[in-house]
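*Asks:* Questions regarding the structure given below will be posed in turn.
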Amino acid sequence: MGVKKAGIVQTVLSSLLAVSVFTLTVSAVVSSKTQGINMEPIWGFDKSSAMAAGATTENISEFAHSGTMGIASAILATFAIAPWAFVGFDTIPQVAEEFKFSYKKIIVIMVVAIAFGCFVYVSNNTVAAIALENWHDRVMAGEWVLLVAAEELLGVFGKVLIGVAVSCAVLSGIMGFYLASSRLMYSMAKESYLPKVFGVVDKKYGTPKNAIIFCMLISLSGPILGREALGWFVDMSAIGASLGFFFTCASSLRTQKRDGDGSKALKVLSFVGVIFSSAFMVLQLIPIPGLSGVHFGTESYLMLLIWIAIGAVFYGVQRKKLI
């Protein structure tokens, strides 16, 4: 019951998001105010060095990425956190059983969802770039360039579109993460990897209520830690997704070899998944000479240690039940 209501709300939010993004994108394409030349790339800045030196918008150019290694740093810094952007799509197979979807339908839904997610990211960046000649200066000044671009193109209506799109994206994201995280904890509790209390299901709504409450309490730390903490949470999400992808693909390879089944396509995809996941983890965790701003910051390493410690405690408590 709870999942069905959430599905209805998610459908409405997703539809509003799609309409808002498509409207803004079409407006940018047909507008005479946009210029393709504005899309010349700016390779970013060495944020840690700039902050340590107390840089301002007047001298930030001194810390700009340049040359082959600088450009590689800018690209790999985004590549390293890419797994974070794919967290949430796993909600689809997790709740598919409750919606009684066929496997073929699940595949189609996931492909469409991922394709639309990519479109949203690319279109937002493109709209902001082509509509504003000095978008990189505005970024350094702390302005919300997409909102400024929308207002430049459509006036107040553009700002309303951004408000609707962002609200829908945030709300649907929150609901999706609650679905994914609570059901993951529920599944782990059923298999005795977590205390049984996380596997308690609400009699009325059929949802893992204790897992949801726990996720809510953890989420409340966000406003307390401040805006900078968003980067730490993205880092933790990226390394968590990388580990999940790695073990899933490695397990697939192992079971295919053990059982002697599986198509060639599945074996290739599993092998490629192991390689990419390993690359993600190396970039995230290991400082590579010459590449600045790619690996985790100090705070993210500390959060990772805390996460590992909490996992060790849970495992130690539940170990006797697992053996």
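*Asks:* Tell me, what ³J(HN,Hα) does each residue in segment 247-264 have, in order and in whole Hz, if you take phi through Karplus 6.51 cos²θ - 1.76 cosθ + 1.60 with θ = phi - 60° and put x for Gly and Pro?
*Replies:* 5, 5, 5, 5, 5, 4, 4, 5, 5, 5, 5, 5, 8, x, 10, x, 6, 5
*Asks:* So how do 267-274, 81-88, 235-242 stack up, highest first, on mean other-Cβ count within 10 Å?
*Replies:* 235-242, 81-88, 267-274
*Asks:* Using θ = phi - 60° and the Karplus relation 6.51 cos²θ - 1.76 cosθ + 1.60, list the HN-Hα couplings for segment 145-152 in order, rounded to whole Hz, with x at every Gly or Pro.
*Replies:* Result, rounded to whole Hz: 5, 5, 5, 5, 5, 5, 5, 5.
*Asks:* Per residue of segment 191-204, in order, report the coupling 6.51 cos²θ - 1.76 cosθ + 1.60 (Karplus, θ = phi - 60°) as ³J(HN,Hα) in whole Hz, putting x for Gly and Pro.
*Replies:* Working through the residues one at a time gives 8, 6, 7, 10, x, 4, 4, 6, x, 6, 9, 5, 5, 7 Hz.
*Asks:* May I ask for the distance between the Cα centers of segment 108-158 and segment 273-318, given as a whole number of Å?
*Replies:* Computed from Cα coordinates, the inter-centre distance equals 30 Å.
*Asks:* Among the listed pairs Lys5/Lys264; Lys105/Lys190; Lys204/Lys320; Lys209/Lys267; Lys159/Lys204; Lys190/Lys264, which are separated by more than 30 Å between their Cα atoms?
*Replies:* Violating the 30 Å Cα-Cα cut-off are Lys5/Lys264; Lys204/Lys320; Lys209/Lys267; Lys159/Lys204; Lys190/Lys264.
*Asks:* While we're looking at this one, here's another question. For segment 227-323, what class follows from the C-alpha gyration tensor (a ≥ b ≥ c being the square roots of its eigenvalues): rounded when a/c is under 1.5, otherwise prolate if a/b is larger than b/c, else oblate?
*Replies:* Since a/c reaches 1.5 but b/c is at least a/b, the shape of segment 227-323 is classed as oblate.
*Asks:* Hey, with R₀ at 25 Å, roughly what FRET efficiency would Thr255 and Met110 work out to, going by the Cβ-Cβ distance, to 0.05?
*Replies:* Once rounded, the FRET efficiency stands at 0.70.
Each reported figure results from applying straightforward, stated rules to the coordinates on display, with no laboratory input. As the structure is a prediction and not an experimental result, all values here were calculated from the model. All Cβ positions, even for glycine, are placed from backbone atoms using ideal geometry, and neighbour counts span all protein chains on display.
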